[in-house]
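As structure tokens, the structure follows; a few thoughts come after it.
The values are calculated or read from the model by the stated rules, or taken from the named source; none is laboratory data. Values in this document were obtained by computation on a predicted structure and should not be read as measured data. Note: ideal-geometry Cβ built from the backbone for every residue, glycine included; neighbour counts use all protein chains shown.
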Amino acid sequence: MKINYQETTNDLLTRIDIHNKYGSKDIDQWMLDTLDLKPGIKILDVACGGGKQCISFYKYLKGDCDITGGDVNQELLDQAELENVKLGSPFKVIPLDFDKRFPFDDQTFDLVSCCFAIYYASDIPFTIREMHRVLKPGGRIFTTGPMPENKKVFYDIIREATGKEIPPMPGSSRYSTEIYDAIAQTFSKVETHIFENPLIFKQPGPFIAYTRASLSEDRRLWTSLFENSDEFEKMMQKILKVADERIKRDGELVMTKVVGGFVGTK
């Protein structure tokens, strides 16, 4: 199944910034604690986006590592390379399409990570097998993605504002089922780790900024709710009204991010 998806740099950075400002927990630290990386490790970060995960791994390991980040989106690759240069270019940034054979030999990496992206692959088992192929014996895959209960308030407000059902999201509708099953069938062992981070909004503005970025990241996922920019703006006004009413009633909006981390061992 081909998922039409392309995230822009601005939308991605907006959501990351809001997570950092309004959440109380650090997902990067959770990932690092979960993985317990050792010095000298060789890492491939698939769908690396703007390089956030590559940088996190590099800083945690104090440079004692070999990291390659790959993505199909050139805009995000350019952003990753800019961040890489700021650090003195310690990792490699390459074009990489996870719908195609990876440009690496078998048994090359100790860790293959893919954070908040694997569910956009056209053929999940193929992509998981490619990750497995390029891992050394005993190497690990690490993926993250939204669990079904993720951002319940976000979807409840959109549903109330529009009077329509939420279309299936590639992440929450596929991650804990299709992606988990593919990893379990391919790897000798798989573990599930859960991260929960409540984002607390005292004013509607940041929630609306988050919603706008989330809905804008690929409008084709939301065609049942709006078809053009005018309809999008009208819908955003309705969402603002509902969010504002809830904050006036309850004093705040609490939107909890619920993320699953799957660690598969080859």
Scan of region 243-262 for residues that are surrounded by fewer than 17 Cβ atoms within 10 Å (Cβ to Cβ) and over 30 Å from M31 (Cβ atoms), ordered by number: D244, E245, I247, K248, R249, D250, G251
Could you check region 132-161 and list, in sequence order, the residues that are assigned to a helix (DSSP H, G or I) and touching a strand residue (DSSP E or B) at 6+ places or on another chain (Cβ under 6 Å)? V153, F154
Count, please, the residues in region 24-36 that happen to be within 16 Å of G69 (Cβ to Cβ) and surrounded by 20 or more Cβ atoms within 10 Å (Cβ to Cβ). 1
In region 95-124, the residues that are closer than 15 Å to V72 by Cβ, touching a Pro at 6+ places or on another chain (Cβ under 8 Å) and modelled with pLDDT of 95 or more: L96
Answer residue from region 184-220, given it is hydrophobic (A, V, I, L, M, F, W, C) and out of contact with any strand residue (DSSP E or B) (no Cβ under 7 Å at 6 or more places or on another chain) and is modelled with the highest pLDDT among those: I208
